[in-house]
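The values are calculated or read from the model by the stated rules, or taken from the named source; none is laboratory data. Just so you know, these numbers come straight off a predicted model, no measurement behind them. Positions of Cβ are backbone-derived with ideal geometry, glycine not excepted, and every protein chain shown enters the neighbour counts. Heavy atoms of the whole protein, side chains included, go into the accessibility calculation; ligands, DNA and RNA do not. Shrake-Rupley method; radii C 1.70, N 1.55, O 1.52, S 1.80 Å.
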Amino acid sequence: MTTAHKRRRVIAGNWKMYKNLGETRDFFDAFLPLVRDVRDRDVVVIPPFTAISAAVERAAGSAVAIGAQDVYWGKNGALTGEICAGMLADAGCRYVLVGHSERRQFFHETDDTVARKALAVLSEGLTPIVCVGETLENRDAGLEKEVLRRQFSGGPGSLTADEFSRILMAYEPIWAIGTGRTATPEIAAAAHEFIRACAAEQYTAGHALALRVLYGGSVKPDNIQGLMAQDELDGALVGGASLDAKSFASIVNYT
Ligand code: 13P
């Protein structure tokens with residue numbers, strides 16, 4: 001690719017349910033010097049709730065932003081076990097994952113709760129990263145577009161145009177998550193293009209053009225370059241390979 005990418009790219013690491021406080025601090029001590037010179041892309045680390053404060057403290061003064069993996073859609077209340085967007089803002093988060101496929105699959109997240117959560121995150125001035133993606137059965141049955149369209153219209157597509165312009169999206173095909181089976185750059189690009197078409201239909205061509213869509217699913221140091229060669233891909237949402245400082249830094253520093 002010779003031309004500069006038109007949308008600022010985002011490389012985000014979703015740690016899922018890994019790393020305690022000590023491991024979090026060790027990660028940042030190793031990671032920050034490796035990404036010190038990064039200027040032309042956004043870098044986000046998304047630890048488990050318990051490690052957010054330690055991550056924010058360690059990343060202070062660097063260009064690395066911190067995110068959370070989930071959120072409740074209401075304000076403070078008698079809701080044992082839940083965490084609201086105001087608490088995440090207070091803890092120093094700037095991003096929140098919403099509707100990750102693991103939340104949808106294992107914790108009954110619906111398009112409706114995705115929409116509510118995205119709104120709650122926006123209302124605190126944070127950026128939701130709204131995840132969508134089809135299962136292998138969906139894809140084998142040729143239903144991926146139908147699934148993506150449904151996830152789009154029931155979730156992010158229910159926001160106002162102004163709200164929509166403040167979100168990020170992530171395309172994570174479930175069959176590529178943690179399986180080592182990455183979508184080919186072409187498959188990912190086609191899905192991103194389709195998500196952008198949904199945005200153009202629901203909002204305007206300008207909204208579609210400005211929307212940043214990250215790709216997630218077995219992103220590794222050795223495939224990031226091929227993926228980022230696609231103009232449709234505005235960054236990556238990295239799981240397993242973001243747990244190791246060196247491997248995540250080499251993804252962040254792709255050229
Ligand atoms: P892996 O990179 O481990 O496949 O995970 C992807 C993911 O779910 C990121 O949110």
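Using a 1.4 angstrom probe, figure out how much accessible area the chain has per residue, in square angstrom, rounded to the nearest whole.
45 Å²
Could you look at the stretch 183-234 and say what percent of its accessible area is carbon and sulfur, using a 1.4 Å probe and all protein chains?
Heavy-atom surface of the stretch 183-234 belonging to carbon and sulfur, 1.4 Å probe: 56 percent.
Per residue of the stretch 107-120, in order, report the coupling 6.51 cos²θ - 1.76 cosθ + 1.60 (Karplus, θ = phi - 60°) as ³J(HN,Hα) in whole Hz, putting x for Gly and Pro.
Rounded to whole hertz, the list is 10, 6, 5, 10, 4, 5, 6, 4, 4, 5, 5, 4, 5, 4.
Sketch the reach of a paramagnetic label on residue 26 as a point 7 Å from Cα along Cα-to-Cβ, and name the residues of the stretch 230-251 whose backbone nitrogen lies under 14 Å away.
Residues 243-246 fall inside that zone.
Report, in listed order, any pair from 6/145; 117/220; 19/117; 220/246; 6/117 with a Cα-Cα distance greater than 23 Å.
Long pairs (Cα-Cα over 23 Å): 6/145; 117/220; 19/117; 6/117.
How many angstrom separate the Cα center of the stretch 90-116 from the Cα center of the stretch 183-215?
Cα centres, the stretch 90-116 to the stretch 183-215: 20 Å.
Tell me the label-point distance for the pair residue 18, residue 229, using the 7 Å Cα-to-Cβ offset, in nm and rounded to one decimal.
A separation of 2.7 nm, rounded to one decimal place.
Net charge around residue 124, counting only other residues with Cβ within less than 15 Å of its Cβ (Lys, Arg = +1; Asp, Glu = -1)?
Net charge in that neighbourhood comes out at +1.
Stick to the Cα atoms of the stretch 103-197, pair each with every other, and give me the Kirkwood hydrodynamic radius in Å at one decimal.
Here the Kirkwood hydrodynamic radius works out to 13.9 Å.
Starting with the highest mean, order 28-35, 211-218, 130-137, 146-153 by the number of other Cβ atoms within 10 Å, averaged over the residues of each peptide.
Highest-to-lowest ranking by the protection proxy: 211-218, 130-137, 146-153, 28-35.
Step by step: find N for the stretch 33-100, compute 2.2 N^0.38 Å, then divide the Cα radius of gyration by it. What's the final number?
That ratio works out to 1.21.
Can you give the convex hull volume per residue for the Cα atoms of the stretch 97-255, as a whole number of Å³?
113 Å³
Counting Lys and Arg as +1 and Asp and Glu as -1, what is the net charge of the other residues whose Cβ lies under 14 Å from the Cβ of residue 240?
Its environment carries a net charge of +1.
What length, rounded to one decimal in nm, is gained on full extension from residue 207 through to residue 62, with 0.36 nm per residue of separation minus their alpha-carbon distance?
49.2 nm is the gain from fully extending residue 207 to residue 62.
Can you tell me how much longer the chain between residue 186 and residue 40 gets when fully stretched, taken as 0.36 nm per residue apart minus their C-alpha distance, in nm with one decimal?
This chain segment gains 50.2 nm when fully extended.
If I model a spin label at residue 220 and residue 108 as a point 7 Å from the Cα along the Cα→Cβ vector, what separation in nanometres do I get?
Spacing of the two 7 Å Cα→Cβ label points: 3.7 nm.
Enumerate the amide H contacts of residue 13 below 5 Å, restricted to partners 5 or more residues apart or on another chain; note that Pro and chain-start residues carry no placed amide H.
Hits under the 5 Å cutoff: 44, 45, 46, 238.
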